[in-house]
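Contents: one structure, followed by commentary.
Each value in this text was obtained by applying a stated rule to the coordinates, not by laboratory testing. Keep in mind the model is a prediction, meaning the values are calculated, not measured. Cβ placement follows ideal geometry from the backbone for every residue including glycine, while neighbour counts extend to all protein chains displayed.
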Protein chains: 2
Amino acid sequence: MNQFEGIHPEIINKLRTSGNFTDEEIIEALSYFEKRTVRRKEFFLRAGDICRTKGYINKGCFKRYTIDDHGKEIIINFAFEEWMIGDLESFNTHQPTIYFVQALEDSEVLCISEENHLTLCEVMPKYHAFHKRKAESSHYATLKRLTSFQSKTPEEKYLSLIQKYPQLFQRVPLHYIASYLGIEPESLSRLRKRLCKKEKKS
Amino acid sequence: MNQFEGIHPEIINKLRTSGNFTDEEIIEALSYFEKRTVRRKEFFLRAGDICRTKGYINKGCFKRYTIDDHGKEIIINFAFEEWMIGDLESFNTHQPTIYFVQALEDSEVLCISEENHLTLCEVMPKYHAFHKRKAESSHYATLKRLTSFQSKTPEEKYLSLIQKYPQLFQRVPLHYIASYLGIEPESLSRLRKRLCKKEKKS
């Protein structure tokens with residue numbers, strides 16, 4: 001019998017490889033989490049709330065967005081299986097978050113409360129280090145995305161997105177992807193048509 | 001006599017307030033740093049290098065940039081007195097950095113080597129916590145900047161920049177600010193003229 005039944009293999013894999021956890025340590029760490037179902041369109045976090053719970057996606061996918069001064073939804077990122085969701089700033093500082101985290105599919109999240117997180121960091125330094133590295137990687141990725149936002153054309157951004165997350169286009173509606181790329185949905189449609197023609201010609 | 005002579009008051013202030021350091025602890029922490037002069041246009045870090053030293057700016061100002069696929073300089077951020085410079089990703093992972101950090105004025109940096117940093121984190125948990133919070137704040141700021149990049153018009157970005165860093169325009173050439181805002185220098189000039197006319201009218 002698989003002792004990790006019901007847990008996404010990529011979560012186990014990351015704990016083993018990046019976290020250097022033994023199977024016993026994985027079982028111990030997971031005992032601090034609880035599985036929560038989040039239905040499509042349901043919110044994991046809402047702007048104005050204080051983020052008291054972080055989660056690792058066990059199944060499904062989420063978008064994180066904010067509402068700008070003109071009332072427009074600005075998509076910051078999508079998150080899939082094994083990714084961490086919540087808002088680290090609000091979680092760490094206890095200030096209300098400015099982000100919404102909403103399920104795009106019926107999803108399942110392994111949740112850890114602030115209290116359990118702090119305890120687990122204390123009793124299991126490996127978890128602390130693992131979490132720290134995850135937060136840092138997220139920082140580096142954000143910085144690189146900012147760089148690419150400043151330097152890349154919409155077409156370049158789109159192509160690198162396809163290459164990096166081919167599954168994105170199967171799971172996320174196009175107008176959300178347009179928002180993520182910082183362009184209008186009509187521009188994304190035109191861009192896709194243009195690229196499609198190019199491909200047929202070549 | 002001022003026991004912190006030669007150290008920018010804002011650095012001492014931040015260590016006292018955010019770091020909760022006593023004066024004795026500040027003296028101890030500073031003994032792990034060495035002051036380095038970086039002349040205008042000199043590099044603190046170059047793309048391709050591994051960042052082995054982090055620094056707090058004691059005097060002067062720097063730009064961090066990268067070169068995009070088209071050979072264009074993309075400015076990620078400017079940094080002034082009391083700000084941390086270097087590349088945390090490269091410092092932590094020992095991978096070559098993709099960033100250049102270059103002085104825009106004759107500058108002075110309080111530098112700490114990786115070895116000293118690790119020792120100081122160990123012997124002084126307050127410094128570890130202080131550094132962790134600084135890195136986290138930098139993460140949150142990057143995320144917010146990405147958000148504003150996606151949602152704000154160039155005019156809005158420019159106005160919020162003036163409000164946040166009024167000193168920027170005295171110290172940094174306009175074409176660098178244009179790059180930071182992700183627009184062409186000509187567009188920034190036009191934008192400034194337009195806003196100036198508006199101001200005169202009102």
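To make sure I understand, if each residue's beta carbon is the centre and we count other beta carbons within 10 Å, what order do A:85, B:75, A:98 fall in, fewest to most? Write out the running numbers ahead of the final one.
Details: A:85 24, B:75 21, A:98 16.
So the ranking, lowest neighbour count to highest, is A:98, B:75, A:85.
Partner chain Cβ atoms within 10 Å, averaged over the residues of A:63-72 - can you pull that number for me?
Values: counts 0, 1, 2, 6, 1, 6, 4, 4, 0, 2.
That average works out to 3.
How big is D for segment A:1-141, in µm² s⁻¹ as a whole number, if Stokes-Einstein is applied with the Kirkwood radius of its Cα pairs at 4 °C and 1.567 mPa s?
Values: Rh = 15.6 Å.
The estimated diffusion coefficient comes to 83 µm²/s.
Go from 0 up to the bin containing the longest alpha carbon distance in the protein assembly as shown, width 10 Å each, and give me the % of pairs per bin.
In whole percents, the pair-distance histogram is 4, 19, 28, 27, 17, 5, 1, 0.
Amide H neighbours of residue B:45 under 5 Å, at least 5 residues apart or on other chains, H built in the peptide plane: list them.
Close amide H contacts, sequence-distant or interchain: B:101.
Applying 1/(1 + (r/R0)^6) with R0 = 22 Å to the Cβ-Cβ distance of residue B:47 and residue A:160, what FRET efficiency is obtained, to the nearest 0.05?
Numbers: r = 19 Å, r/R0 = 0.86.
Efficiency for this residue pair is about 0.70.
For segment B:34-101, what does the convex hull of the Cα positions come to per residue, in cubic angstrom? Present the calculation step by step, with values, prior to reporting the outcome.
Working: hull volume 5.8 nm³, N = 68.
With only Cα atoms used, segment B:34-101 gives 85 Å³ per residue.
So for A:43, B:130, A:62, fewest C-beta neighbours within 10 Å to most, what's the order?
Numbers: A:43 13, B:130 19, A:62 26.
Lowest to highest Cβ neighbour count: A:43, B:130, A:62.
5 Å is the cut-off here: which amide hydrogens, built 1.01 Å from N in the peptide plane, fall below it relative to residue B:38, excluding neighbours closer than 5 in sequence?
Here B:107, B:108, B:109 satisfy the definition.
Note the per residue figure in Å³ for the convex hull of the C-alpha positions in segment A:85-126. Kindly include the intermediate steps, with their values, before the conclusion.
Details: hull volume 3.9 nm³, N = 42.
In segment A:85-126, the Cα hull volume divided by residue count equals 92 Å³.
Where does the charge balance sit around residue A:131 when Lys and Arg score +1, Asp and Glu -1, over other residues with C-beta under 14 Å from its C-beta? Please report the intermediate quantities before stating the final value.
On the way: positive: A:14, A:54, A:126, A:132, A:133, A:134, B:132; negative: A:25, A:82, A:114, A:122, A:136, B:136.
Every neighbour counted, the sum reads +1.
Between their Cα atoms, which of B:14/B:134; B:35/B:134; B:157/B:193; B:132/B:157; A:197/B:72; A:63/B:152 are more than 18 Å away from each other?
Working: B:14/B:134 10 Å; B:35/B:134 20 Å; B:157/B:193 16 Å; B:132/B:157 28 Å; A:197/B:72 29 Å; A:63/B:152 20 Å.
As for pairs spanning more than 18 Å Cα to Cα, those are B:35/B:134; B:132/B:157; A:197/B:72; A:63/B:152.
Under the Karplus relation 6.51 cos²θ - 1.76 cosθ + 1.60, θ = phi - 60°, what is the ordered set of whole-Hz ³J(HN,Hα) values for segment B:84-93, x standing for Gly and Pro?
8, 10, x, 9, 4, 4, 5, 4, 7, 9
Once you list every other residue whose beta carbon is under 9 Å from the beta carbon of residue B:18, what net charge do they have if Lys and Arg are +1 and Asp and Glu are -1?
Working: positive: B:14, B:16, B:133, B:134; negative: none.
Result for the neighbourhood of residue B:18: +4.
Find the relative contact order for chain B and round it to a whole percent, using C-alpha pairs within less than 8 Å whose residues are 6+ positions apart. Provide the component values of the computation, followed by the final result.
Numbers: 280 pairs, mean separation 45.1, N = 202.
Rounded, it is 22 percent for chain B.
Along the Cα-to-C-beta direction of residue A:129, a point sits 7 Å from the Cα; which residues of segment A:1-25 have their amide N less than 17 Å from that point?
A:14-25
Largest first, please: the extent of the C-alpha atoms of segment B:138-202 along each principal axis, to the nearest Å.
Dimensions of segment B:138-202 along the principal axes of its Cα atoms: 39, 23, 21 Å.
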